[in-house]
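First comes the structure, then the notes that go with it.
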Amino acid sequence: MLTNLGLLINATLIATPPLLFAALGSCFSERSGVVNIGIEGMMTVGAFTGAVVAYFTGSWWIGFLCGGLCGALLASIHALVCIQFHADQTIAGTAMNFLGTGLALFLCKSIFENSSDTPALPTTATMPKFFAGILKVGTFSGNVFGGYIMSYLVFALAALCWFVFYKTRFGTHLRACGEHPEACESLGIDVYRVRYICVILSGFLAGLGGSFVTLATVNQFRPNVIVGQGFIAIAAVIFGKFSPGGATGACLLFGLCTGIKTLAGMTNAVSPNLISMIPYIVTILALVLVVGHAAAPAANGKPFVRSR
């Protein structure tokens, strides 16, 4: 029983970080007033870049960082068209999903001789585990504390994001820009600047989430490696009422469901096709039950035009 609990916690710690990285990024964008449904594409670009850079450099942390930077680069395009040119944010985000996925596949085939998959990463280029070589593999403590290093550090990042949101001047400005941008402008706050920072940061964090998948979970890039995790992260933000703390709790819930799916898949008692539906069914149910109670920022999705 204790061993199974440890396995479930371990599976949850593997499934939660990519969702949480992306969800924290989405919180920044949404609360500043810019809808970013292009998280999926930004995660895909980050996943591809992380795998490729780690493969050629042999360094997981360089690949991890570069994955985030490429996600930020794609987000900067989204920020430009939505903030500067006042494009429809939902349409622009959809375009980012197509662009990110298509670009990753095109570059992968160009670099690796028409293959849509990158080569498997060597062990030295993959993300290390927290207490590798110290805790005994297979024990409860080994399962709980033997996860990948970013599986634990991402929760420290969530706490930092909460602090930025509610205990800093920048956090006050970004929340105000999502509610009353005109009032912010009258007080001398540069709404465009705040929104640019938040949208680009959302892409950076989404890219880190994608990098985690290829550097830890899968150890290579494949076209379907993200498989809707960006949309689940957005659902977690809505479920968590657009706050870092709420999004963290929602990501843990969805990560737990994925962990249950992983453990259930080890037996043949239930069809694998039904088991694979668990995280998505829970996501839909969560949105159906919560969406009416989760009030989005008042100016979210509404283009803001400077008065001067």
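Each value in this text was obtained by applying a stated rule to the coordinates, not by laboratory testing. Here the structure is a predicted model, which is why all the values come from computation and not from measurement. Heads up, the Cβs are rebuilt from the backbone with ideal geometry, glycines too, and the neighbour counts pull from every protein chain shown.
Comparing Ala235, Ala92, Ala72 in a Gaussian network model of the chain, where Cα atoms under 10 Å apart are tied by springs, the biggest mean-square fluctuation is seen for Ala92.
Please report the relative contact order for segment 63-179, taking Cα pairs under 8 Å with a sequence separation of at least 6, and give it as a percent rounded to a whole number. 10 percent. Near the amide H of Ala299, within less than 5 Å, lie the amide hydrogens of Glu179, all on another chain or at least 5 residues away, with H placed in the peptide plane. Compute the signed sum of charges (Lys and Arg +1, Asp and Glu -1) over the other residues within less than 9 Å, Cβ to Cβ, of Ala299. Here the charged neighbours net out to -1. Around the amide H of Tyr148, modelled in the peptide plane, lie the amide H atoms of Phe130, all under 5 Å away and 5 or more residues distant in sequence or on another chain. Note on Phe112 and Ser59: with the Förster distance fixed at 30 Å, the Cβ-Cβ geometry gives a FRET efficiency of about 0.95. Charge dipole (Cα centre; +1 on Lys/Arg Cβ, -1 on Asp/Glu Cβ; no other charges) of segment 125-217 amounts to roughly 380 debye.
The listed peptides 247-256, 147-156, ordered by packing as a protection proxy, come out as 247-256, 147-156 (highest mean of other Cβ atoms within 10 Å first). With contacts taken as Cα pairs under 8 Å and at least 6 residues apart, the chain reaches a relative contact order of 37 percent. Sketch the reach of a paramagnetic label on Phe163 as a point 7 Å from Cα along Cα-to-Cβ, and name the residues of segment 222-258 whose backbone nitrogen lies under 17 Å away. Within reach of a label on Phe163: 244-245. Placing unit charges on the Cβ atoms of the charged side chains and taking the dipole of segment 113-221 about its Cα centre, the candidate lying farthest along the positive direction among Phe130, Cys198, Leu208 is Phe130.
Residue separation of Thr172 and Met277 scaled by 0.36 nm, minus their Cα-Cα distance, works out to 33.9 nm of gained length. Phi angles across segment 174-186 convert, under the Karplus curve 6.51 cos²θ - 1.76 cosθ + 1.60 with θ = phi - 60°, into 3J(HN,Hα) values of 5, 5, 5, 5, x, 9, 9, x, 5, 5, 4, 4, 5 Hz, Gly and Pro given as x. Check the straight Cα-Cα distances from Lys109 and name the aspartates and glutamates below 14 Å, setting aside those fewer than 8 residues away within the same chain. Hits, sequence-local ones excluded: Asp117.
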